[in-house]
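The values are calculated or read from the model by the stated rules, or taken from the named source; none is laboratory data. Values in this document were obtained by computation on a predicted structure and should not be read as measured data. Positions of Cβ are generated from backbone atoms using ideal geometry, with glycine treated the same way; all protein chains shown enter the neighbour counts. Only protein heavy atoms, including side chains, enter the accessible area calculation; ligands, DNA and RNA are left aside. Shrake-Rupley method; radii C 1.70, N 1.55, O 1.52, S 1.80 Å.
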2 protein chains.
Amino acid sequence: MNILEKIALNQNSFSKSERKVAEIIMAAPQSAMHSSIATLAKAADVSEPTVNRFCRRMETKGFPDFKLHLAQCLASGTPYVNRHVDEADGPDAYSAKIFDSTMAALETARQHLDTAAINRAVDILTQARKISFFGLGASASVAHDAQNKFFRFNVPVICFDDVLMQRMSCINSSEGEVIVFISHTGRTKSHVESAAQARNNDATVIGITDANSPLAQECSLVLSLEVSEDTDMYMPMSSRIAQLVLIDILATGFTLRRGTKFRENLKRVKDGLRESRFNKGLRDH
Amino acid sequence: MNILEKIALNQNSFSKSERKVAEIIMAAPQSAMHSSIATLAKAADVSEPTVNRFCRRMETKGFPDFKLHLAQCLASGTPYVNRHVDEADGPDAYSAKIFDSTMAALETARQHLDTAAINRAVDILTQARKISFFGLGASASVAHDAQNKFFRFNVPVICFDDVLMQRMSCINSSEGEVIVFISHTGRTKSHVESAAQARNNDATVIGITDANSPLAQECSLVLSLEVSEDTDMYMPMSSRIAQLVLIDILATGFTLRRGTKFRENLKRVKDGLRESRFNKGLRDH
DNA sequence: AGCATTCTAGTAATTTAACTACAAAATTAC
DNA sequence: GTAATTTTGTAGTTAAATTACTAGAATGCT
């Protein structure tokens, strides 16, 4: 937890002078960071040891250490203590909050990433005869994106965002095929059933989903994304982004595994897009 | 520029003792951050003022200030100075690097965000009779995602990832319609032409694209995303993520503008998804 | 209500860290 | 090889942070 959040959280349990210190810091963390203990104490109208005690209560070694913590949590842009979008927020506020919560989600996702599982997934994908990506709702666009990425690798890849097509595809699946199910909750009935079907046909099933979900039970390999509390107001936000980054990681692992020669393919695809562009066309859409 | 990069950059122009200091810091920035000037001086086998002078040369106010800078650049996880994926990288390394570069991209995107433009875009979207999202290639999945989000708002929304459908749709467009073109480069010929067509029919054209592109010229409003150097190896990565976050921001702005009552709609949509789930179904896919 | 106990805050003293001024050594230029 | 300049270190100074102790406020108990 970052230090400003911690201050905000404990605000109730503070004593009178501690609250004064907290307020001064919260009001202008940037300037608090650059103040000496004496300056800050004067600003909060308390004594220096009070400030010091405050720092200690926040589980830091002392004032200088406290400033380091403060610096770290101010490092990434706006110090929004509360990442939840509020009704009264203007464009500045809600934009910053959404960026904040997205980045926080990515940070936790990174920390909980199981690179061994990723490595195994890359193994499986590189050896696949055919790769399918299945997603529904918000996860459908992630599946589309995955298709777009793996399509460039010149491997048979397909993407379905439709329950029936997914089911049919699973019924006809066979050994050597890899099916990647993308689902944040892992509780979509049709996904669970389709995954079971595919496993039955000896296809390999990879789940990008919650580790403790019914879908995870049916998978040969689970890539779980621990995303910090979804901040979304009734909409998937951070989870989706984390899934996309995971796709990027898998795609990168894939190209690295395939070696240098293979990467020339990618360049060809990219160059091939040029003529559909107005000059300067060096990048993708 | 972050302070570690700056040190790495100036490494050549350092004197003998300065280099010693630099090396100690680069080798263990985390511990340097928590050291006193005396400890660090001893570790580098130089005198204290040398360390102090080093800090000043790095354009900081002194040692404590230097430590703050250090803290800030160590704040977001691993201090990978080089974020580019290397052939020799293992799963740990490339995963970390992709997370790093994605987050760095979001950080720059946030800093360059034009919230006034966002506010205007929200204005336009809330008043639209019909909203269309157009994307091709990697941007197609962003368009799909946008559709998924705005669909929940119970407004007429459509998404095309096909050149011909996009063109036809533009030909039939009229006043009151809003068309959002998503394109990283803004140089896709068909997009530019379709946008011009739509403008001709008095439809409102919003571009999520490069501000200095041909497409931007044709737009009523441009939302540009300044994304730090794309780290991708022949594939779009960070740009896409930033676009999605922008969609989240627009969607959030939309719901806020529509007010509390409107938000009950969203809850209904969410609750409606329940029965397609195995118990515990509180979230989207 | 009054006394005691505990918790809180401030003063003053101490310790520690950071910085300055100056001098010596080393490097470079001529 | 000497002078000039740059680099580095020593010693002293100042400032900042922390500790120990004491006064005051709040709470609890009889």
- [ ] From the list A:105, A:138, pick out the single residue that is open to solvent by less than 10 Å² (accessible area, probe 1.4 Å), within 16 Å of residue A:161 (Cα to Cα), of a type outside the set (Ser, Thr, Tyr) and modelled with pLDDT under 95.
- [x] A:138
Task: Subset of the range B:156-167 [crowded, with 16+ Cβ neighbours inside 10 Å and either out of contact with any strand residue (DSSP E or B) (no Cβ under 7 Å at 6 or more places or on another chain) or not in a strand (DSSP E or B) (or both)] - done: B:161, B:163, B:166, B:167
Task: Boolean, residue A:67 is within 14 Å of chain B (Cβ to nearest Cβ) and within 12 Å of DNA strand D (Cβ to nearest atom) - done: yes
- [ ] Looking only at the range A:38-48, count how many residues are near DNA strand D (Cβ under 10 Å from one of its atoms) and either open to solvent by less than 70 Å² (accessible area, probe 1.4 Å) or touching a strand residue (DSSP E or B) at 6+ places or on another chain (Cβ under 8 Å) (or both).
- [x] 4
Task: Given (1) modelled with pLDDT of 85 or more; (2) in a helix (DSSP H, G or I), number of the condition residue A:60 does not satisfy - done: (2)
Open item on the list: Take the residues in the range B:8-37 that are within 14 Å of chain A (Cβ to nearest Cβ), open to solvent by less than 70 Å² (accessible area, probe 1.4 Å) and in a helix (DSSP H, G or I); name whichever of them is nearest to DNA strand D (Cβ to nearest atom).
Closed with: B:37
TODO: Determine which single condition residue B:143 fails, assuming it passes every other condition in (1) without any contact (Cβ under 8 Å) to a residue 40 or more places away in the chain; (2) in contact with a Ser or Thr (Cβ under 9 Å, 6 or more places away or on another chain); (3) over 22 Å from residue B:214 (Cα atoms).
DONE: (3)
TODO: With respect to residue B:149, determine if the residue is assigned by TED's automatic domain parsing to the domain that holds residue B:244, under 26 Å from residue A:162 (Cβ atoms) and open to solvent by less than 10 Å² (accessible area, probe 1.4 Å).
DONE: yes
Task: For residue A:83: the one exception among (1) at the interface with another protein chain (Cβ under 7 Å from one of its Cβ atoms); (2) at pLDDT below 85 - done: (1)
Task: Criterion violated by residue B:3 - all others in (1) surrounded by fewer than 19 Cβ atoms within 10 Å (Cβ to Cβ); (2) closer than 16 Å to residue B:53 by Cβ satisfied - done: (1)
Open item on the list: Could you check the range B:36-46 and list, in sequence order, the residues that are of a type in the set (Gly, Ala, Ser) and more than 8 Å from DNA strand C (Cβ to nearest atom)?
Closed with: B:41, B:43, B:44
Open item on the list: List the residue pairs whose Cβ atoms are under 7 Å apart, where the first residue sits in the range A:1-28 and is farther than 15 Å from residue A:60 by Cβ and free of Cβ contacts under 8 Å to residues at least 40 places away in the same chain, the second is away from DNA strand C (no atom under 16 Å from the Cβ) and not acidic (Asp, Glu), and the two are 6 or more positions apart or on different chains.
Closed with: A:24/A:32
Task: Single unsatisfied condition, residue A:261 versus (1) surrounded by fewer than 16 Cβ atoms within 10 Å (Cβ to Cβ); (2) assigned to a loop (DSSP other than H, G, I, E, B); (3) at pLDDT below 65 - done: (2)
TODO: For the range B:90-102, name all the residues that are surrounded by fewer than 17 Cβ atoms within 10 Å (Cβ to Cβ) and either more than 18 Å from residue A:111 (Cα to Cα) or touching a Phe, Trp or Tyr at 6+ places or on another chain (Cβ under 9 Å) (or both).
DONE: B:93
Open item on the list: Just to be sure before I move on: is residue B:70 in a helix (DSSP H, G or I), within 13 Å of DNA strand C (Cβ to nearest atom) and in contact (Cβ under 8 Å) with a residue 40 or more places away in the chain in the structure I sent?
Closed with: yes
Open item on the list: As an exercise: evaluate residue A:132 against (1) under 27 Å from the mean Cα position of the chain (by Cα); (2) free of Cβ contacts under 8 Å to residues at least 60 places away in the same chain; (3) part of a helix (DSSP H, G or I) and give the number of the one condition it does not meet.
Closed with: (3)
- [ ] Just one of (1) within 11 Å of another protein chain (Cβ to nearest Cβ); (2) open to solvent by 50 Å² or more (accessible area, probe 1.4 Å) trips up residue B:112, so point out which.
- [x] (1)
TODO: Grab the helices (runs of 4 or more DSSP H) fully contained in the range A:168-258, keeping just those with 1 or more residues being surrounded by 20 or more Cβ atoms within 10 Å (Cβ to Cβ) and in contact with a Pro (Cβ under 9 Å, 6 or more places away or on another chain).
DONE: A:189-200, A:238-258
Open item on the list: Tell me whether the range B:183-202 contains one or more residues that are touching a residue at least 60 places away in the same chain (Cβ under 8 Å) and facing chain A (nearest Cβ under 8 Å).
Closed with: no
Open item on the list: Scan the range A:125-133 and tell me whether some residue there is within 17 Å of residue A:239 (Cβ to Cβ), open to solvent by less than 30 Å² (accessible area, probe 1.4 Å) and within 13 Å of chain B (Cβ to nearest Cβ).
Closed with: yes
- [ ] Return a yes/no flag: does the range A:72-85 have any residue that is within 13 Å of DNA strand D (Cβ to nearest atom), closer than 29 Å to residue A:238 by Cβ and of a type outside the set (Lys, Arg).
- [x] no
